[in-house]
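The values are calculated or read from the model by the stated rules, or taken from the named source; none is laboratory data. Since the structure is predicted, the reported quantities are computational estimates derived from the model, not experimental observations. Cβ sites come from the backbone with ideal geometry, for glycine too, and all protein chains shown count toward neighbours. Ligands, DNA and RNA are excluded from the accessible area calculation, which covers all protein heavy atoms including side chains. Shrake-Rupley method; radii C 1.70, N 1.55, O 1.52, S 1.80 Å.
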Amino acid sequence: MEATNATPVKYDMDVVRWFTIMAVVYAVVGTLIGVYVASELAWPFLNFDIPEITFGRLRPLHTNAVIFAFGGCVLMATGFYIVQRTCATKLWSNSLAWFTFWGWNLIIVCAVITLPLGLSEGKEYAELPWWTDIMIAVIWVCYGFNYIMTIGIRTTSHIYVSNFFTVGMIVMITYLHVVNSLAIPVDWATSYSIYSGVQDAMIQWWWGHNAVGFYLTGGFLGIMYYFIPKQSQRPVFSYRLSVLHFWTLSFGYVWLGAHHLQYTALPDWTGSLGAAISLAMIIPSWGGAMNGMMTLSGAWDKLRTDYILRFLVTAMAFYAMSTFDGPVMAIKSVNSLSHYTDWTVGHVHAGALGWMAMISFGSLYHMVKKLWNTEIYSEKLVNIHFWIALIGATTYVVAMWVSGIMQGLMWRDYDEFGTLSYTFVESVSAMHPYYVMRAVGGAIFNLGTWIMLYNVVMTVRQANAVRGVSAVAAKA
Amino acid sequence: MSDHDQIYSTKLQDKIERNTLLMFVLTAITVAIGGIVEIVPLFYLPNTAMCQNDPTCNGTSHKDLQGNAIPMDKIIWNPATSIHKTLDDWQPGDGVRPYKPLELAGRYVFIREGCFLCHSQMIRPFRDEKDRYGHYSIAEESMYDHTYQWGSKRTGPDLARVGGKYSDEWHRKHLKYPRDVVPESVMPNFFFLDKAPVDAVKLTKTMKVMTQMPFNPVPKTIYTDAVIAGAAKEVEGKTEMDSVIAFLQSLGNHVKFEEGVNYRD
């Protein structure tokens with residue numbers, strides 16, 4: 001993977017260190033807000049009659065914090081780390097990387113201020129006001145340009161597969177963000193999408209599902225293809241499968257958004273097309289998941305002692321599970337039950353907590369060791385974090401699966417007189433135990449992130465104490 | 001042959017892996033295709049409610065049981081052919097119309113408070129949804145909804161046809177303190193809307209913006225200069241609560257649905 005140069009390359013790792021630290025911080029913050037909004041649904045008094053923290057305003061803050069703050073910092077930390085090491089070169093521009101760091105964090109600060117104030121464009125996962133959208137576009141293109149230029153100045157002959165996945169993400173997110181965010185401003189706070197109705201719905205879910213497909217999956221598969229081989233010290237199980245995985249996933253994922261709109265006013269052909277491709281996507285997804293897992297073949301014993309590897313491999317199991325769950329939900333008859341219910345929420349969190357967060361935690365621990373050239377402060381705490389994360393994620397997902405299916409069945413149930421068995425509000429009160437369970441699962445998961453934060457901070461301090469002071473690490 | 005010259009996949013893949021620009025371009029093309037195939041036709045094909053300057057809406061035609069096409073001006077309100085000529089005269093059943101000023105102000109509040117995160121506005125063609133919410137939603141009904149509000153989750157019930165189901169007074173009580181009316185509800189209290197006046201300046205600007213949209217703008221024959229100029233006066237003394245209630249009461253009764261017509265084709 002890394003070229004064996006005669007003279008070792010001096011990488012630009014300071015910016016990676018900062019992205020790594022911020023990723024850990026945002027993991028704590030993002031999931032904490034998640035626990036709070038989940039609790040608001042279980043115990044509505046928690047809205048406390050304060051407009052800024054009502055569910056409707058805080059929920060977008062949760063999704064933006066975990067996707068763009070946590071996920072974004074993980075992607076940029078690992079991205080800048082992987083691209084330098086696999087291309088055996090410094091970054092094309094270290095200053096541009098720092099500009100990306102400060103810009104991205106400024107965007108997060110803007111989100112923290114504007115979303116509770118009720119600035120919303122009314123599109124899920126794209127709520128941020130129009131001028132923040134412009135900032136995102138600029139910073140994202142800076143990140144992408146720097147990344148691709150770094151590949152351009154590589155000293156290795158071939159481009160490693162991780163970089164394919166990341167470039168796929170960079171290009172697709174640029175398309176999605178720009179097209180979906182086109183709007184006419186009314187004033188500084190408010191703007192309205194140039195699309196309406198059917199067209200807007202399709203464009204929104206083209207964005208919505210591919211933010212998942214390319215940002216939360218493609219980008220993180222790039223992470224997987226680097227860190228699983230590195231941590232297990234085995235080559236990728238199949239190089240050809242990884243190539244196939246990349247091209248099929250990149251081509252296929254784009255079509256899936258339409259499965260969010262089955263039986264709506266969207267023309268039937270679009271939803272059916274989305275469902276058909278969704279089913280086909282099991283093949284590349286599972287091919288990729290197998291590729292990650294089989295990389296360990298011959299080294300399975302490492303799972304007994306290597307806690308970081310546990311995170312990475314469990315992530316692949318969740319990846320396989322969510323990429324089975326997803327296509328099943330895209331089938332029209334299943335979708336007629338699952339759509340509009342908590343099943344969707346469960347599916348998303350199986351991916352977000354089980355796959356995306358787990359692979360992130362594993363890679364972050366791996367990077368912290370390498371970046372500060374030290375051992376983890378407490379291996380034991382890594383192990384505890386692993387089990388807490390696994391229990392939390394499972395509790396959350398199971399609660400939502402059960403509540404989702406129950407909701408769907410209650411809504412469509414008829415009594416022997418041919419009238420609806422349940423009023424809507426009966427389904428709401430039936431959800432209460434599961435909403436409590438979900439909040440508890442989320443809280444357990446959040447506890448794990450605090451442990452990680454503590455462990456990472458102590459590791460960095462320990463490294464500094466041993467080796468004297470590095471300016472960046474000292475501040476961290 | 002050194003290790004670096006060995007081809008482990010195919011010649012094409014090997015070429016791509018050695019050439020940054022080629023990789024970038026081919027990736028950029030690969031990820032563009034699906035979106036183009038699914039999105040672009042929605043601006044041209046029938047049944048997508050793309051109606052600007054085209055009274056047939058890309059040839060959309062809903063047919064009754066005898067196979068006769070229902071004229072589009074029965075579905076989408078057209079002041080030129082309708083007996084009701086202005087927004088104020090419009091009657092339920094005249095066809096889909098843009099929002100009246102107070103309703104549009106309410107829609108802003110609806111989006112601001114994130115209501116769409118728990119309430120969908122899209123009824124699917126199932127028996128239980130018909131019994132619970134009413135006739136399935138059709139594309140034309142959201143053609144003026146810049147930022148569609150179909151939603152993705154029903155933590156609360158669908159609102160696509162909530163208009164007229166409850167009294168204004170019920171809505172006021174329910175929005176202020178939902179659990180006073182529905183004890184099991186998990187909706188936040190929105191009592192604070194009752195104290196906030198409608199922002200008339202923002203409303204006037206919003207109406208102008210709605211007429212400037214590149215796709216499905218509100219016709220200037222409906223949001224006439226006079227209507228826009230009169231909006232501020234119309235919402236004078238109204239609170240955000242009044243506006244949200246007006247918005248909710250406007251949902252779902254625009255089209256007079258007839259038995260046996262396939263409105264989605």
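For (1) open to solvent by 10 Å² or more (accessible area, probe 1.4 Å); (2) within 16 Å of A:H62 (Cβ to Cβ); (3) in contact with a Leu (Cβ under 6 Å, 6 or more places away or on another chain); (4) touching a residue at least 40 places away in the same chain (Cβ under 8 Å), each residue gets a yes or a no:
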| position | (1), (2), (3), (4) |
| --- | --- |
| A:S120 | yes, yes, no, yes |
| A:E127 | no, yes, no, yes |
| A:W130 | yes, no, no, yes |
| A:I136 | yes, no, no, yes |
| A:V141 | yes, no, no, no |
| A:M149 | yes, no, no, yes |
| A:H158 | yes, no, no, no |
| A:V161 | yes, no, no, yes |
| A:F165 | no, no, yes, yes |
Review point. Looking at B:T81, B:T60, B:T86, which is the one that is open to solvent by 60 Å² or more (accessible area, probe 1.4 Å) and closer than 24 Å to B:H146 by Cβ?
Key: B:T86
Exercise for review: Scan A:G72, A:G79 and give me the residue that is more than 14 Å from chain B (Cβ to nearest Cβ), under 30 Å from B:T10 (Cα atoms) and open to solvent by less than 30 Å² (accessible area, probe 1.4 Å).
Suggested key: A:G79
Review point. How many residues does segment A:262-290 hold that are under 20 Å from the mean Cα position of the chain (by Cα), within 14 Å of chain B (Cβ to nearest Cβ) and not hydrophobic (A, V, I, L, M, F, W, C)?
Key: 2
Review point. In this structure, is A:L91 more than 11 Å from chain B (Cβ to nearest Cβ) and part of a loop (DSSP other than H, G, I, E, B)?
Key: yes
Check your understanding: Inside segment B:190-210, can you point out the residues that are of a type in the set (S, T, Y) and open to solvent by 20 Å² or more (accessible area, probe 1.4 Å)?
Key -> B:T204
Check your understanding: Here are some conditions: (1) open to solvent by 60 Å² or more (accessible area, probe 1.4 Å); (2) part of a helix (DSSP H, G or I); (3) within 22 Å of B:K233 (Cα to Cα); (4) not basic (K, R). B:V40 meets all but one. Which one does it not meet?
Key -> (3)
**Study point:** Residue list for segment B:231-247, restricted to those being over 13 Å from B:G164 (Cα atoms), open to solvent by less than 30 Å² (accessible area, probe 1.4 Å) and assigned to a helix (DSSP H, G or I)
**Key:** B:A231, B:E240, B:M241, B:S243, B:V244
Check your understanding: Filter segment B:1-36 for residues that are of a type in the set (A, V, I, L, M) and open to solvent by 60 Å² or more (accessible area, probe 1.4 Å); which is farthest from the chain's Cα centre (by Cα)?
Key -> B:M1
Exercise for review: Among what's in segment B:150-189 and is of a type in the set (S, T, Y) and open to solvent by 30 Å² or more (accessible area, probe 1.4 Å), pick the residue that is farthest from A:R412 (Cα to Cα).
Suggested key: B:Y177
**Study point:** Residues (at the interface with another protein chain (Cβ under 9 Å from one of its Cβ atoms) and buried (at least 18 other Cβ atoms within 10 Å of the Cβ)) located in segment A:428-462
**Key:** A:V428, A:M431, A:Y435
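Going by the structure shown, is A:M169 crowded, with 19+ Cβ neighbours inside 10 Å and either at pLDDT 95 or above or small (G, A, S) (or both)?
yes
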Review point. Is there a residue being at the interface with chain A (Cβ under 7 Å from one of its Cβ atoms), in contact (Cβ under 8 Å) with a residue 12 or more places away in the chain and crowded, with 19+ Cβ neighbours inside 10 Å anywhere in segment B:63-77?
Key: no
Check your understanding: Taking B:S250, is it modelled with pLDDT of 95 or more, open to solvent by 60 Å² or more (accessible area, probe 1.4 Å), more than 30 Å from A:H259 (Cβ to Cβ) and away from chain A (no Cβ under 14 Å)?
Key -> no
Exercise for review: Inspect all residues belonging to segment A:176-191 and state whether any of them is surrounded by 23 or more Cβ atoms within 10 Å (Cβ to Cβ) and among the β-branched types (V, I, T).
Suggested key: yes
Practice item. Please work out which one of (1) open to solvent by 10 Å² or more (accessible area, probe 1.4 Å); (2) within 23 Å of the chain's Cα centre (by Cα) is the condition A:D49 fails and give its number. Key: (2)
Review point. Residues in segment A:150-159: is at least one more than 7 Å from chain B (Cβ to nearest Cβ), in contact with a Gly (Cβ under 6 Å, 6 or more places away or on another chain) and in a helix (DSSP H, G or I)?
Key: no
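A quick yes/no check of all residues on (1) facing chain B (nearest Cβ under 7 Å); (2) touching a Phe, Trp or Tyr at 6+ places or on another chain (Cβ under 7 Å); (3) at pLDDT below 95:
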residue: A:I136; (1), (2), (3): no, no, no
residue: A:T174; (1), (2), (3): no, yes, no
residue: A:D187; (1), (2), (3): yes, no, no
residue: A:Y192; (1), (2), (3): yes, no, no
residue: A:D200; (1), (2), (3): yes, yes, no
**Study point:** Given (1) within 9 Å of chain B (Cβ to nearest Cβ); (2) among the hydroxyl-bearing types (S, T, Y); (3) closer than 30 Å to B:E113 by Cβ, number of the condition A:T132 does not satisfy
**Key:** (1)
Practice item. Kindly state which helices (runs of 4 or more DSSP H) lie completely within segment A:222-317 and contain at least 3 residues that are open to solvent by less than 40 Å² (accessible area, probe 1.4 Å), under 30 Å from B:A49 (Cβ atoms) and at pLDDT 95 or above. Key: A:268-280
Check your understanding: Do you know which residues across segment A:408-427 are open to solvent by 10 Å² or more (accessible area, probe 1.4 Å), within 22 Å of A:E40 (Cβ to Cβ) and not aliphatic (A, V, I, L, M)?
Key -> A:F424, A:E426
Practice item. Pull up segment B:43-57, narrow it to residues that are within 13 Å of another protein chain (Cβ to nearest Cβ) and free of Cβ contacts under 8 Å to residues at least 60 places away in the same chain, then point me to the one that is most open to solvent (accessible area, probe 1.4 Å). Key: B:Y44
Practice item. Taking B:T147 as the residue in question, decide whether it is open to solvent by 20 Å² or more (accessible area, probe 1.4 Å) and among the β-branched types (V, I, T). Key: no
Check your understanding: Scanning for something part of a helix (DSSP H, G or I) and either within 14 Å of chain B (Cβ to nearest Cβ) or closer than 30 Å to A:F145 by Cβ (or both), does segment A:117-124 turn up at least one residue?
Key -> no
Practice item. Give me the pairs, please: first residue somewhere in segment A:442-460 and over 20 Å from A:V397 (Cβ atoms) and touching a residue at least 40 places away in the same chain (Cβ under 8 Å), second residue anywhere and of a type in the set (S, T, Y) and open to solvent by 10 Å² or more (accessible area, probe 1.4 Å), beta-carbon distance under 7 Å, and either six or more positions apart or on two chains. Key: A:N455/A:Y377; A:N455/A:S378; A:M458/A:Y377; A:T459/A:T374; A:T459/A:Y377
